[in-house]
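Notes to accompany the following structure.
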Amino acid sequence: MTASSPPVDPFDLVIFGGTGDLALRKLLPALFHRFADGQVPPSSRIIGVAREGLDDAGYRALVREVLVDGGSAPERIEAFLPQLVYLPLDARKDEGWEAFAALANEQPRHIRVFYLSTSPELFVDICNRLGAHGLNGPNARVVLEKPIGRDLASAMCIIDAVGRVFSEAQTFRIDHYLGKETVQNLLALRFGNALFEPLWNAGHIDHVQITVAETLGLGRRAGYYDHAGALRDMVQNHMLQLLCMVAMEAPASLSPDAVRDEKLKVLHALKPIDMRNAAQLSVRGQYKAGAIDGERVPGYLEELENGQSNTETFVALKAEIANWRWAGVPFYLRTGKRLATRLSEIVVAFKSVPHSIFDASAGPLAHNRLVLRLQPDEGVKLWLTIKHPGPGGLRLRHVPLDMSFAEAFGVQQPDAYERLLLDVVRGNPTLFMRRDEVEAAWRWIDPILAAWGAAGEPPRPYAAGSWGPSAAVALIERDGRTWNEDSE
């Protein structure tokens, strides 16, 4: 444990969907790492809840296997496992809730965190039953995974229903991208350095690119994903939150509502994409068979049971923000599955110098670019033009100042969930979405969905292992720009 990572108060963290992919792949390893660093008090409990008929020993064996496969030290794993408890429960049925309430009430003074790692359709049922058994007291918090709803109307139904059980201060709508080190460093880069903030506007920035690319296909999420698609799954939450962090004005302080107030202003200022302009400003695609890392992978339709779907696995958008700081600056967003590489980054491309004093023989002048890598290697890269060393005349080179967080600080950066889970325990909502943010995001997304539905066109096919449909390249290149390809 370090001075910057003090322990939190004792807590019970209940994971509904405790045997699911998110719990096993992200939540439980995150809690283990915080336990190993001394931030989780020994009296705290992690309670897995799911329909599988396991007991405590069976659940611990399942989690042990996951942690061992992740390379964790066996002795630390064995110290962590006694904190795990398991209770079989079907959230849609009344049976078993008395036993669950009795288990939760064994530690009445503990902070209670109910993490709903389930389908959004279960959020209301679970919260209503928690309220009916008196488990929504002042020391309770509920965590809602994205996406909340399928559109504005369904999102508001869920938010209102949950709000009748848990207050807004008790409700944490999680977007794990906001827990990434690079995203939070945007605040430090912009508002802690005199170098950047004076240039952070339409007078100096040519455009912004935000890319979230995955090489994986459906995996275990086929049932959910085919009813959601890339726009709901990634753009409505992750990518719009990244856009807000780039574009927001300086908050008066780092208090939770000051930060979230500024993000909300950005969402309200987004120019609409609807039936009038969706064909020009949006691209939707669906991957077909191809190759990832030299191995053949099936197409999207091959991974579905019925082999039929118009769900998009790729989205590219050209967004604009109608305010004084960003007027005329395009924000290009793209995300997709089965793309060429796993990559999440924000690229801030600055305008060219107004006049070149160099001869043509020196080479072209390139844009300065600030590249913030979110994954796989979190860091910051600033591309500058310099003189190539040596005699023979003045030759220009475009080179990066590259800072990897892991290399610069000599430590492995914690996973985003490690930070966010403990923020919930502390009751700090800064990195979580307020209800009006969710509402504003859906108000911008709904007209895009409606435009696509009205057009009735299937998503454009693209080969797995590529960078998406050719129309996504045309989206940016017809403006005389190109997608960033040299930040790795």
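Distance check, please: which entries in 351/387; 93/288; 318/381; 180/351; 26/381; 26/93 exceed 31 angstrom between their Cα atoms?
The answer is 93/288.
Roughly what % of Cα-Cα distances in region 280-402 sit above 22 Å, to the whole percent?
For region 280-402, the share of Cα pairs beyond 22 Å comes to 59 percent.
State, in angstrom, two size descriptors of region 338-488 derived from its alpha carbons: Rg to one decimal place and Dmax to the nearest whole number.
21.2, 62
Consider just the alpha-carbon atoms of region 19-118 and return their Rg together with their Dmax, both in angstrom.
13.5, 40
Using packing as a proxy for protection, rank 349-360, 456-467 so that the peptide with the highest average count of other Cβ atoms within 10 Å comes first.
Most protected by this proxy first, the peptides run 456-467, 349-360.
Provide the per residue accessible area, probe 1.4 Å, for the chain, rounded to a whole number of square angstrom.
44
Taking a cut-off of 20 Å, what percent of all Cα-Cα pairs in region 75-154 are separated by more than that?
41
At what distance in nm do the modelled label points of residue 296 and residue 277 sit from each other, each positioned 7 Å from its Cα along Cα→Cβ?
According to this spin-label approximation, the distance is 4.4 nm.
If only Cα atoms are counted, what is the Rg of the chain, and what is its Dmax, in Å?
So, for the chain, Rg and Dmax equal 23.7, 82 Å respectively.
For the chain, which whole-number percentage of the solvent-accessible area (1.4 Å probe, protein heavy atoms only) is attributable to carbon and sulfur atoms?
The value for the chain is 54 percent carbon and sulfur by accessible area.
Express the C-alpha Rg of region 232-329 as a ratio against the empirical globular expectation 2.2 N^0.38 Å, rounded to two decimals.
Rg over 2.2 N^0.38 Å, computed on Cα atoms: 1.45.
Taking the Cα-to-Cβ direction at residue 125 and at residue 443 and moving 7 Å from each Cα, how far apart do the two end points lie in nm?
Result for the modelled spin labels: 3.2 nm.
Stokes-Einstein at 37 °C, 0.692 mPa s, Kirkwood radius from Cα pairs: D for region 425-486 in µm² s⁻¹?
Reported coefficient: 211 µm²/s.
The values are calculated or read from the model by the stated rules, or taken from the named source; none is laboratory data. If you're wondering where the values come from, they're calculated on a predicted model, not measured in any experiment. Cβ atoms come from the backbone with ideal geometry, glycine included; neighbour counts cover every protein chain shown. The protein model used for the area step is the full one, side chains on, heavy atoms only, and it has no ligands, DNA or RNA in it. Shrake-Rupley method; radii C 1.70, N 1.55, O 1.52, S 1.80 Å.
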